[in-house]
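See structure below.
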Amino acid sequence: MFKAFSALNFPTGNTIPGYSNILFFTFTQGFHDFSNSGFVWEPGAFGCFLVITLMFHFFLNKFRFDKVAIILIIANITTFSTTNYLGLIVLFFMAYRFRSPKVNIYVLLLVPALILAFVFIPFLGDKIVDTYKEDMRDLNRLKVLEKYYHHNRMEIPLNRFSSMVYIYDQFGAKLITGVSNRYNEVLNKSYTVNISNGVFDFLAKFGLIGLLYLLIRYVRFCKPYVLRWENIGYCILILLVLSFGEPILFLPIVMMLLFIQPKQRSLNGPLNDEENESEYAYGRI
């Protein structure tokens, strides 16, 4: 695939060795030989788009597993991304709770089953622990990494946890209000790094105040579709899980939520039967 894509010689603007694309599909030789990067820069980011798209699709079809949903789920599985699998698990649980809002035996069994899966499945619990340990080692040898990546004309790639700690160390109390346009100046004061933690990336740019405002707008957008406050909690968890692994909060697919007006009841009556029956239906004119 790398030879075929490289022969087309599309400009990518990407300096990662082995990176190539054919506009609709990307491939990085030696890094993502088996995981699906789709149309974006890496599998984890592609999975974020897939989970968000699936969630929006569920909003529109009342959480039914139709053909489109199945295709999106299969595509997500091919990313082999732990972060996206976690987001997908939460989304599945929300779909179940939306269709079966009463507490039943299956809910009582699902929760401990998910906890056990997280502990015993290697690409979930073990991978997260190993990633954390490796990230902390990287933070303690930034000078060594800087020499290597500077020689290869690349930024130092920091993983999820190392990005979080590094941003906290660099910004400190500035994370409350953010630094806006001074972000790169503060971030790269000591080293030139590449951040992969979207939550702390957003906090550094727009602060805790900006993140809370984004989440409020996000909740107002989701509420008419999921109806219950329990499901709102799952929506927030999905967004935070996905953005912890990828810097997606400042991308248009999320930032547009700041400007989209929440769905309202029509003058002729409720939008659907659920809204008519539920005390959680949002928006009255």
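The values are calculated or read from the model by the stated rules, or taken from the named source; none is laboratory data. Predicted, not measured: the structure shown is a model, and the values here were computed from it. Don't worry about glycine lacking a Cβ; one is built from the backbone with ideal geometry, like all the others, and counts go over all protein chains shown. The accessibility values were calculated without ligands, DNA or RNA, using every heavy atom of the protein model including side chains. Shrake-Rupley method; radii C 1.70, N 1.55, O 1.52, S 1.80 Å.
Quick rundown of the values:
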read-out	value
Protein accessible area in region 123-183, 1.4 Å probe - carbon and sulfur %	52
Order by protection proxy (mean Cβ within 10 Å, highest first), peptides 45-53, 220-228	45-53, 220-228
Cα centroid of region 175-210 to Cα centroid of region 56-85, whole Å	31
Using a Förster distance of 25 Å, the FRET efficiency for Ile16-Leu240 (Cβ separation, nearest 0.05)	0.40
FRET efficiency for Ala7 and Met256, using Cβ-Cβ distance with R0 set to 35 Å, rounded to 0.05	0.45
Among the listed pairs Lys143/Lys174; Lys3/Lys205; Lys3/Lys189; Lys67/Lys205; Lys174/Lys223; Lys62/Lys127, those beyond 28 Å (Cα-Cα)	Lys3/Lys205; Lys3/Lys189; Lys67/Lys205; Lys174/Lys223; Lys62/Lys127
Only Lys, Arg (+1) and Asp, Glu (-1) charged, at Cβ; region 136-260 dipole about Cα centre in debye	80
Table column - 3J(HN,Hα) (Hz), region 15-28, Karplus curve with 6.51, -1.76, 1.60, x for Gly and Pro	9, 5, x, x, 7, 8, 8, 10, 6, 9, 8, 10, 8, 10
Distance in nm between pseudo-label sites at Lys67 and Met136 (7 Å out along the Cβ direction from Cα)	5.1
Anisotropy class of region 24-86 from Cα gyration tensor, a/c 1.5 cut	prolate
FRET E, pair Asn152, Leu23, Förster distance 25 Å, beta-carbon r, rounded to 0.05	0.40
Counted charge near Leu187, where neighbours are those whose Cβ lies closer than 12 Å (Asp, Glu -1; Lys, Arg +1)	0
